[in-house]
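Taking it in order: structure first as structure tokens, then the write-up.
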Amino acid sequence: MKYITQVLFILLFSLLGEVLQAVIPLPIPAAIYGMVLLLIALLTGLLKEEHISDTANFLISIMPVFFVAPSVRLLEYWGLIAPHVAAILTISVTSTLLVFAVAGLVTQALLKRKEKKNA
């Protein structure tokens with residue numbers, strides 16, 4: 001029963017994301033709306049981590065399976081993608097490194113801020 005409840009919580013936020021996407025005329029995916037709402041609910045204490053942690057951990061552990069179908073689909077379009085592989089790889093590597101750098105800097109800033117509060 002615990003897992004069904006946790007799945008329902010996650011599905012509820014996914015549904016709310018779908019509703020927001022239909023109501024708000026912005027080109028933002030419904031999944032983003034749902035994740036932001038879930039984050040807000042967790043940060044405000046409306047939803048506790050324990051309410052979704054087991055199911056969320058399970059979904060994260062099987063996440064690679066979700067990439068199989070899109071990867072196979074990419075192979076179907078290899079003829080269209082092949083001429084642009086260098087540009088795609090350059091953009092992918094650059095953006096990945098940029099995300100790593102920003103995430104590292106933000107993490108360091110937050111850790112320093114936490115140390116100052118504890119001192």
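On inspection, S61 does not qualify as of a type in the set (S, T, N, Q), free of Cβ contacts under 8 Å to residues at least 24 places away in the same chain and more than 24 Å from Y3 (Cβ to Cβ).
Pairs are defined by a Cβ separation below 9 Å, a sequence spacing of at least 6 or placement on different chains, a first member in segment 84-95 that is within 14 Å of L74 (Cα to Cα), and a second member that is assigned to a helix (DSSP H, G or I) and at pLDDT below 95; the pairs so defined are I88/I81. Applying the criterion of at least 3 residues that are acidic (D, E) and more than 22 Å from L11 (Cα to Cα) to the helices (runs of 4 or more DSSP H) found wholly in segment 46-119 leaves an empty list. The one condition from (1) in contact with a helix residue (DSSP H, G or I) (Cβ under 7 Å, 6 or more places away or on another chain); (2) free of Cβ contacts under 8 Å to residues at least 24 places away in the same chain that L47 does not meet is (2).
Taken over segment 23-36, the criterion of being open to solvent by 50 Å² or more (accessible area, probe 1.4 Å) and farther than 16 Å from T55 by Cα is satisfied by V23, I24, P25, L26, P27, I28, P29, A31, I32, V36. Could you tell me whether L111 is farther than 20 Å from G17 by Cβ and open to solvent by 70 Å² or more (accessible area, probe 1.4 Å)? Judged against the criteria, L111 is a match.
To keep it simple, each residue is scored yes or no on (1) open to solvent by less than 70 Å² (accessible area, probe 1.4 Å); (2) of a type outside the set (D, E, K, R).
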site	(1), (2)
I10	yes, yes
Q21	no, yes
L43	no, yes
L46	no, yes
I60	no, yes
F67	no, yes
R73	no, no
E76	no, no
L80	no, yes
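The values are calculated or read from the model by the stated rules, or taken from the named source; none is laboratory data. In this text the structure is predicted, and so the values were computed from the model without any measurement. Using ideal geometry, Cβ is built from the backbone for each residue, glycine included, and neighbour counts are taken over all protein chains shown. Surface accessibility is based on the protein's heavy atoms, side chains included, excluding ligands, DNA and RNA. Shrake-Rupley method; radii C 1.70, N 1.55, O 1.52, S 1.80 Å.
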